[in-house]
Amino acid sequence: SLQRNGFGEQAYQEGWDYDDYIAEVSSLLKILEIDNFHIVAISGGGPYGAFVTQVLGARIKSLHVAAAITGNNRINEKSTLPASLGLLCQIASGDTPLASAQLLLGTFALESAESWWGFSPLSPMLALDGFEDAAAIDWEYTFFRRNSEQSLTALAAEAIRYCDNPLPDLAGITTPLFIYHGDADDSAPLSN
């Protein structure tokens, strides 16, 4: 898989967008000589999966969407953004959107890794051996591996991207779609 702009080992690039990600996916597929493939879009990867599907749909065997947000999409004149992201979008529309988003995300992200990735004792996610530990390590890697200001800038820019970009119209795409969802997940409700 490819890291998103400013995450993992990738340096943050100002102005990077979904088209850049599609170009990276296309380039990687070409280098690896892969014609057809599956997409698994988890959480904030939902919009990425949608945009890649729009452009490369004929090559995609199946699209799997797991607890994914949609971006600033509207259904029956109502936004599908969960409340927390909707609040971020309001903040991001202010005079200093990136600084405001950094502050909000920094406060949330650095203080709530355990609560964000924690699961109830009855959660089926606990059947995946090591999932909670791997998620916590990924969280720490994102925010502490490199310059935390750069990591927060990348996360803030990503959140703002969800606010500003409605999903593409995938009505003509015939790729099989699989949705994975839990009713207790209020950060990515089924309406997404």
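The values are calculated or read from the model by the stated rules, or taken from the named source; none is laboratory data. Bear in mind the structure is a predicted one, so any value in this text is a computation, not a measurement. Quick reminder, even Gly has a Cβ in these numbers, built from the backbone with ideal geometry, and neighbours come from all protein chains shown. Areas reflect the complete protein model, heavy atoms only, side chains present, ligands, DNA and RNA absent. Shrake-Rupley method; radii C 1.70, N 1.55, O 1.52, S 1.80 Å.
Data for the structure
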quantity	calculated
Any pair with Cβ under 6 angstrom, 6 or more apart, that starts in the stretch 22-36 at a residue that is free of Cβ contacts under 8 Å to residues at least 40 places away in the same chain and ends at one that is open to solvent by 80 Å² or more (accessible area, probe 1.4 Å) and outside any helix (DSSP H, G or I)	Asn36/Lys61
Filter result (hydroxyl-bearing (Ser, Thr, Tyr) and either part of a strand (DSSP E or B) or within 14 Å of Pro166 (Cα to Cα) (or both)) within the stretch 36-72	Tyr48, Ser62, Thr70
Gln13 vs. criteria at negative phi and at pLDDT below 70	no
Single residue of the stretch 133-191 satisfying the filter (touching a Gly at 6+ places or on another chain (Cβ under 7 Å) and open to solvent by 30 Å² or more (accessible area, probe 1.4 Å)) that is modelled with the lowest pLDDT	Gln150
Subset of the stretch 18-39 [closer than 25 Å to Pro189 by Cα and touching a helix residue (DSSP H, G or I) at 6+ places or on another chain (Cβ under 8 Å)]	Tyr18, Ile39
Within the stretch 1-41, considering residues that are in contact with a strand residue (DSSP E or B) (Cβ under 6 Å, 6 or more places away or on another chain) and closer than 12 Å to Leu56 by Cβ, the one least open to solvent (accessible area, probe 1.4 Å)	Ile39
Top-ranked residue in the stretch 108-124 [being open to solvent by less than 60 Å² (accessible area, probe 1.4 Å) and farther than 24 Å from Ala11 by Cα; ranked as modelled with the highest pLDDT]	Ser123
